[in-house]
1. Could you tell me how many of the residues in segment 1-39 are open to solvent by 40 Å² or more (accessible area, probe 1.4 Å) and not charged (D, E, K, R)?
2. So which helices (runs of 4 or more DSSP H) are wholly in segment 84-155 and hold at least 3 residues that are more than 25 Å from Met10 (Cα to Cα), in contact (Cβ under 8 Å) with a residue 24 or more places away in the chain and not aliphatic (A, V, I, L, M)?
3. Being in a loop (DSSP other than H, G, I, E, B) and not β-branched (Val, Ile, Thr): is that true of Asp46 here?
4. Does segment 139-157 contain any residue that is closer than 11 Å to Asn108 by Cα, among the aliphatic types (A, V, I, L, M) and touching a Ser or Thr at 6+ places or on another chain (Cβ under 7 Å)?
5. When you go through Ile94, Ile136 one by one, which is the residue that is hydrophobic (A, V, I, L, M, F, W, C), crowded, with 19+ Cβ neighbours inside 10 Å and closer than 23 Å to Glu59 by Cβ?
6. Considering only segment 166-183, state which residues are within 13 Å of Phe118 (Cβ to Cβ), open to solvent by less than 40 Å² (accessible area, probe 1.4 Å) and not β-branched (Val, Ile, Thr).
7. Could you list, in sequence order, the residues of segment 150-165 that are open to solvent by 70 Å² or more (accessible area, probe 1.4 Å), modelled with pLDDT of 80 or more and more than 19 Å from Ile94 (Cα to Cα)?
8. Can you tell me which of Ala177, Ala142, Ala137 is more than 30 Å from Arg54 (Cα to Cα), among the hydrophobic types (A, V, I, L, M, F, W, C) and modelled with pLDDT of 85 or more?
Amino acid sequence: MASFTEKAIMDSFIKLLNAKPLDKITVKDIVEDCGINRNTFYYHFDDIPTLVTRILEDETSRALSLHGDVHSWEEGFIAAAQFALSNKRLIYHIYNSVSREIFEQYLNDITWDIMYRFVDTIARDIACDASDKKLIASFYKAALVGMILDWLANGMKYDPEEIIGRLGVMLEGNIRASLKKVEKQQRHT
């Protein structure tokens, strides 16, 4: 949970990031916007990349806590993507900066968590190894993250909720079918 000062710093940074690229934002810009001194900033954050990481981690935790019981991977993924959708410019500024690795790790972490929770929920009545559940979740995570990165690289021209919904229809039942195949294979070995 962020302190009042940390929240103020994060809010100022988000405001600035919605206005200009990450590489153009300085600690001086943040402290002037926030009305604090540099020492206060450095008391709470080591540097701007640490601030970016913290914002993404907090948003991941918030999104996942709101949707801990994932009934569909689409529902969970769309819920987790709301921050990105409502802050497209901010996300695009991070994506096109030197902090791209931080953003990609954020995408991988949140998508992994959503997919693993969903696969684990489906697998409750199916006898399969944890390693198989992880493999299936990892496959879907990689596909979804790849699609999001492609969407960003191509200028965010289509509605990701629509694409996720269409994918959901196309892939409906595939995770359960994969888990059942693994269960069947394990019974025969």
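The values are calculated or read from the model by the stated rules, or taken from the named source; none is laboratory data. Because the structure is a prediction, the values reported are computed rather than measured. So basically every Cβ, Gly included, is an ideal-geometry build from the backbone, and we count neighbours across all protein chains shown. To get the accessible areas, we keep the full protein, side chains included, count just its heavy atoms, and leave off ligands, DNA and RNA. Shrake-Rupley method; radii C 1.70, N 1.55, O 1.52, S 1.80 Å.
1. Residues meeting the conditions: 12.
2. Output list reads 100-122, 130-153.
3. Here the answer is yes, as Asp46 does meet what is asked.
4. Yes, that holds for at least one residue.
5. It is Ile94.
6. Gly168, Leu179
7. Matches in segment 150-165: Glu162 only.
8. Residue meeting the stated conditions: Ala177.
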